[in-house]
1. Report, in listed order, any pair from Lys113/Lys179; Lys3/Lys179; Lys21/Lys141; Lys101/Lys141; Lys19/Lys152; Lys21/Lys156 with a Cα-Cα distance greater than 25 Å.
2. What are the ³J(HN,Hα) values, in whole Hz, obtained from phi via the Karplus relation 6.51 cos²θ - 1.76 cosθ + 1.60 with θ = phi - 60°, for each residue of region 95-104 in sequence order, with x given for Gly and Pro?
3. Please compute, over every Cα-Cα pair in the chain, the percentage with a separation greater than 29 angstrom.
4. Tell me, what ³J(HN,Hα) does each residue in region 169-181 have, in order and in whole Hz, if you take phi through Karplus 6.51 cos²θ - 1.76 cosθ + 1.60 with θ = phi - 60° and put x for Gly and Pro?
5. Could you order peptides 56-68, 151-163 by the average number of other Cβ atoms within 10 Å of their residues, highest first?
6. Could you give me the ³J(HN,Hα) list for region 72-83, computed from phi with Karplus coefficients 6.51, -1.76, 1.60 and θ = phi - 60°, whole Hz, x at Gly and Pro?
7. Check which residues have an amide H placed less than 5 Å from Ala127's amide H, if you skip close sequence neighbours.
8. Just to be sure I understand: of the beta bridges DSSP finds with both ends in the chain, what percent are antiparallel, rounded to 5?
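Read-outs throughout are calculated quantities, based only on the coordinates presented, and are distinct from any laboratory measurement. This structure is a prediction, so every number in the text was calculated from the model and none was measured. In this analysis, Cβ positions are derived from the backbone assuming ideal geometry, glycine residues included, and neighbour counts consider all displayed protein chains.
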Amino acid sequence: MFKDITESARAAAVELCEKSKLVAGQIVIVGCSTSEIAGYNVGTNSNADLGIAVFDALYSVFNQRGIHIAAQCCEHLNRAVITDRAANAGWEIVNVLPTPKAGGSFAAAAYAKLQDPIAISEIRADAGIDIGNTLIGMHLKRVAIPLRLEIKHIGKAAVTAARTRPPLIGGTRAVYDGKLL
């Protein structure tokens, strides 16, 4: 079971990078319910081993490309975010250590495995993967574009994804940079 889950997570991360045209230094927010992956309702059956397996799979893809991963905590930690200190662009650091039952297994894995982990109260990510309907939208930049990934599920959890783009300003005479769309 873990092999299929890690392969699906890795494939989703690769596809997100390609479709979003992510580059080194950008940030991906990940919301992940290990309960949903295992076929339970969100928040009811957190699984630390699944959290580690999914984190490792995603991190291997993003880290290789120089992309920062940010793990959204569950509602018990007010959806705080765990990331590496190098990704912090001035967001407020908060003092909390995520656990499988308060923060979630994925966030706990991120905190345990990142080189210099911090918890922050918010982030504005360039793209995101939502595994199990964890509602990552609050942590994306202002203009989010839904992505249709080939990977629709990781385990039993639904997978959705998004990228962002700068807001378009101006009117009918405005000219836009196609590389930013």
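1. Lys113/Lys179; Lys3/Lys179; Lys101/Lys141; Lys21/Lys156
2. 9, 7, 10, x, 10, x, 9, 9, x, x
3. Here the long-distance tail beyond 29 Å is 16 percent of all Cα pairs in the chain.
4. Per-residue couplings from phi come out as 10, x, x, 5, 8, 5, 10, 10, 7, x, 5, 8, 7 Hz.
5. The packing order, highest mean first, is 151-163, 56-68.
6. Per-residue couplings from phi come out as 6, 7, 6, 5, 5, 10, 6, 6, 4, 10, 9, 8 Hz.
7. Residues meeting the criterion, in which the H sits 1.01 Å from N, are Ile27, Ile29.
8. Counting only bridges with both partners in the chain, antiparallel ones make up about 65 percent.
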